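Undergrad: To start, I am sharing the structure in question, which I have written as structure tokens.
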Amino acid sequence: MTDSKRLWWKDGVIYQIYPRSFQDTNNDGIGDLPGIISRLDYLQQLGIDGIWLSPINPSPDRDFGYDVADYNAIDPKYGTMADFEELLDQAHKRKLHIILDLVLNHTSDQHPWFIESKKSKDNPYHDWYMWRDPKPDGSQPNNWESLFGGGGWVYDRQLNQYYFHMFAPQQPDLNWRNPAVRAAMLDVFRFWLDKGVDGFRLDVFNEYYKHPDYLDLPKRKGFYPRKFEQLEHIYDVSQPEMYPLVRDIRKILDSYPDRYVVGETYLADPAHARTYIGSDRLHAGFDFRYLHSKWGAASFGRAIQYWDALHGEEAWPNYVLNNHDTVRSTTRYKADEADKKTRLLAAMHFTVRGTPYMYYGEEIGMRDITLLPTELQDPVGKRYWPFNKGRDGCRSPMQWDASAFAGFSARKPWIKVHPNYPKRNVAAQVEDPASLLNFYRELIALRRASPALSRGKIDLLPLYNQNLLVYQRAAKHEKLLVVLNFGSKPEQYPLPILENGRWGLIFAGNLPEKSQINGATLHLPAFGFGILKKQV
């Protein structure tokens, strides 16, 4: 399969960077765009195809970039527009594609639009946000809550009105029912596409529209400690107006060559998320059942089977094990220092049908940091600690080497480095043939070279026992078998009988204990796996 035939977002691997934490070059303790440019060779050698950048627009950082103050500019703490254009140029020279995170449901309360909207009810920008009059008793317009805690409405005494915010109070929701807002948001796509951006990740995109009558949300049955979970979110997300909008977004993307858009579906089940994906809608959407799976063959198998079946042959799924909102998989699944579980997960992640997403540091097995209450920066953690410790843990600086601050910066970073960095870092793992980093490189290279893995169909086989997840991948001239042992003890798997040919083991990792074929049986060590190919 030659590069000319590849679809970078379908056949390739996408790597998420949290810019604050990747590489600092001006020694202010915050990562920046020149830092990302300086690491492009590393990313190219890793074998990825696309780089998804968490928001880099100007922001007061009440939600660390997800409160945007200007959609068409670069935050000075990350660099300049010239730096971004250089990043695009240098990435494209290495055949790397840049995906921007667009946060279009809400802005910062410091955005000029919102500042104008607060001036008066007659201001042209007033209707750009969700302003509503109080109820006769002065209370908030309805029972909508904020995901970040508390009621979803903030009262403005001067206007005698409330504005709605699904997230922090400093993140007022835009009124997408205003045609001017809709037009302005579509122009944001055009602005960055004209710059040469290759794609977009849409933050909580299905929340753009709310019910026009602002109806109260019905109560859910059962016990839920937080008010937000006590409500059925049928009027504040997933409104029917989303469908013509995603079609219009796709038309814009299709007017530029080889572009891509993926959406983060919010408060929606996988079947509903799938309805936003198609040839005239988004290229892809995130479903997090896979990410939230309990450890085990059955749990992951069900998530893969369902998500894949929903896509069928008409669409292409994607999979995420880590991101900026979730406890890292190494911490979540209590990974051992030899990274056996981590390698097993990677073997699954890069061999299922769909686009694998990676999160920075995943390839070296970074763990979540532990913070004291006084060290928390995430608004979620600050409000709900200790019941919810927030998202700071997975956002620690990238561990490049064993020097001070892990080679991320020459000064104390914005958030602390994991104490294991002297041993767990890129420089150490590059030199070790048996390292997790080199395992990732080999696995990604195998996926890239294999038509069956990069774009073939998948057939999940019945669970052999509670520990073994088994599936076949097949393309026109290639047939592979993947066997994954989620158990802490060795397992055996009788290989399927082939009419002509035999199974040959082509990848079993770079650990001393490897899976091996003995006769017609595959022997797997604890947390072992095997990728086998039909050989004539």
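The values are calculated or read from the model by the stated rules, or taken from the named source; none is laboratory data. These numbers were taken from a predicted model, which means no experiment stands behind them. We place every Cβ from the backbone using ideal geometry, glycine too, and count neighbours over all the protein chains shown.
Undergrad: Out of A428, A410, report the one residue that is part of a helix (DSSP H, G or I), among the hydrophobic types (A, V, I, L, M, F, W, C) and either within 27 Å of the chain's Cα centre (by Cα) or within 29 Å of I17 (Cα to Cα) (or both). Explain how you work it out, then say what you get.
TA: On the way: A410 fails: part of a helix (DSSP H, G or I).
Sole residue among the options that is part of a helix (DSSP H, G or I), among the hydrophobic types (A, V, I, L, M, F, W, C) and either within 27 Å of the chain's Cα centre (by Cα) or within 29 Å of I17 (Cα to Cα) (or both): A428.
Undergrad: When you look at Y235, is it within 29 Å of F114 (Cα to Cα), crowded, with 19+ Cβ neighbours inside 10 Å and of a type in the set (S, T, Y), yes or no?
TA: Numbers: within 29 Å of F114 (Cα to Cα): yes; crowded, with 19+ Cβ neighbours inside 10 Å: yes; of a type in the set (S, T, Y): yes.
So Y235 passes the test.
Undergrad: Next question, about the same structure. The conditions are (1) at pLDDT 95 or above; (2) not β-branched (V, I, T); (3) not in a strand (DSSP E or B); (4) not assigned by TED's automatic domain parsing to the domain that holds G12, and L505 fails exactly one of them. Which is it?
TA: (3)
Undergrad: Quick one: A180 ticks every box in (1) assigned to a loop (DSSP other than H, G, I, E, B); (2) over 27 Å from R220 (Cα atoms); (3) in contact with a helix residue (DSSP H, G or I) (Cβ under 8 Å, 6 or more places away or on another chain) bar one, so which box is it?
TA: Tallying (1) assigned to a loop (DSSP other than H, G, I, E, B); (2) over 27 Å from R220 (Cα atoms); (3) in contact with a helix residue (DSSP H, G or I) (Cβ under 8 Å, 6 or more places away or on another chain), A180 fails exactly one: (1).
Undergrad: Those residues that are within 23 Å of the chain's Cα centre (by Cα), assigned to a loop (DSSP other than H, G, I, E, B) and under 19 Å from S146 (Cβ atoms), I need them from region 370-385; list them, please.
TA: L376, Q377, D378, listed by residue number.
Undergrad: Within region 263-273, can you find the residues that are crowded, with 23+ Cβ neighbours inside 10 Å and over 18 Å from Y235 (Cβ atoms)? First the steps, then the outcome.
TA: Quick first cut of region 263-273, residues crowded, with 23+ Cβ neighbours inside 10 Å only: 263, 265, 273.
If the condition is that a residue be crowded, with 23+ Cβ neighbours inside 10 Å and over 18 Å from Y235 (Cβ atoms), then G263, A273 are the ones that fit.
Undergrad: Would you confirm whether or not region 309-327 contains a residue that is modelled with pLDDT of 95 or more, assigned to a strand (DSSP E or B) and of a type outside the set (S, T, Y)?
TA: The answer is yes; a qualifying residue exists.
Undergrad: Would you pick out the residues in region 10-29 that are buried (at least 21 other Cβ atoms within 10 Å of the Cβ) and assigned to a loop (DSSP other than H, G, I, E, B)? Lay out the reasoning, then the answer.
TA: If we filter region 10-29 for residues that are buried (at least 21 other Cβ atoms within 10 Å of the Cβ), which is where we start, we get 12-24.
Once the filter is applied, which keeps residues that are buried (at least 21 other Cβ atoms within 10 Å of the Cβ) and assigned to a loop (DSSP other than H, G, I, E, B), region 10-29 yields G12, V13, Y18, F22, Q23, D24.
Undergrad: Please specify each residue of region 488-502 satisfying the condition of being in a loop (DSSP other than H, G, I, E, B) and surrounded by fewer than 16 Cβ atoms within 10 Å (Cβ to Cβ). Quick ask: steps written out before the conclusion?
TA: Restricting attention to region 488-502, the residues satisfying the condition of being in a loop (DSSP other than H, G, I, E, B) are 488-490, 495-501.
Result: S488, K489, P490, P496, I497, L498, E499, N500, G501.
Undergrad: Over 18 Å from A406 (Cα atoms), under 21 Å from the mean Cα position of the chain (by Cα) and either free of Cβ contacts under 8 Å to residues at least 12 places away in the same chain or assigned by TED's automatic domain parsing to the domain that holds E362 (or both): does that describe Y15?
TA: On the way: over 18 Å from A406 (Cα atoms): yes; under 21 Å from the mean Cα position of the chain (by Cα): yes; either free of Cβ contacts under 8 Å to residues at least 12 places away in the same chain or assigned by TED's automatic domain parsing to the domain that holds E362 (or both): yes.
In short, yes.
Undergrad: Any chance region 147-162 includes a residue that's in contact with an Asp or Glu (Cβ under 9 Å, 6 or more places away or on another chain), outside the structural domain of K227 (by TED's automatic domain parsing), surrounded by 14 or more Cβ atoms within 10 Å (Cβ to Cβ) and in a loop (DSSP other than H, G, I, E, B)?
TA: yes
Undergrad: Any residue that is over 26 Å from G12 (Cα atoms), surrounded by 13 or more Cβ atoms within 10 Å (Cβ to Cβ) and touching a helix residue (DSSP H, G or I) at 6+ places or on another chain (Cβ under 8 Å) - is there at least one of those in region 222-229? Walk me through it before giving the result.
TA: Our first condition is that a residue be over 26 Å from G12 (Cα atoms); within region 222-229, this holds for 222-229.
Still in the list and also surrounded by 13 or more Cβ atoms within 10 Å (Cβ to Cβ): 226-229.
From the residues that got through so far, the ones that are touching a helix residue (DSSP H, G or I) at 6+ places or on another chain (Cβ under 8 Å) too are none.
Scanning region 222-229 turns up no residue that is over 26 Å from G12 (Cα atoms), surrounded by 13 or more Cβ atoms within 10 Å (Cβ to Cβ) and touching a helix residue (DSSP H, G or I) at 6+ places or on another chain (Cβ under 8 Å).
Undergrad: Additional query: Can you say whether T331 is of a type in the set (S, T, Y) and part of a helix (DSSP H, G or I), as far as the supplied structure shows? Show your work before the answer.
TA: Numbers: of a type in the set (S, T, Y): yes; part of a helix (DSSP H, G or I): yes.
Against the criterion (of a type in the set (S, T, Y) and part of a helix (DSSP H, G or I)), T331 qualifies.
Undergrad: Next question, about the same structure. Can you find a residue in region 240-247 that is of a type in the set (F, W, Y), farther than 30 Å from D83 by Cβ, in a helix (DSSP H, G or I) and in contact with a Phe, Trp or Tyr (Cβ under 9 Å, 6 or more places away or on another chain)?
TA: Going through region 240-247, the residues of a type in the set (F, W, Y) turn out to be 243.
Those left that are additionally farther than 30 Å from D83 by Cβ: 243.
Retained after the next criterion (residues that are in a helix (DSSP H, G or I)): 243.
Of the ones still in play, those that are also in contact with a Phe, Trp or Tyr (Cβ under 9 Å, 6 or more places away or on another chain) are 243.
So far as region 240-247 goes, yes, one or more of its residues are of a type in the set (F, W, Y), farther than 30 Å from D83 by Cβ, in a helix (DSSP H, G or I) and in contact with a Phe, Trp or Tyr (Cβ under 9 Å, 6 or more places away or on another chain).
Undergrad: Looking at this structure, is D83 surrounded by 14 or more Cβ atoms within 10 Å (Cβ to Cβ) and farther than 30 Å from R220 by Cα? Steps first, please.
TA: Numbers: surrounded by 14 or more Cβ atoms within 10 Å (Cβ to Cβ): yes; farther than 30 Å from R220 by Cα: yes.
So D83 fits the description; yes.
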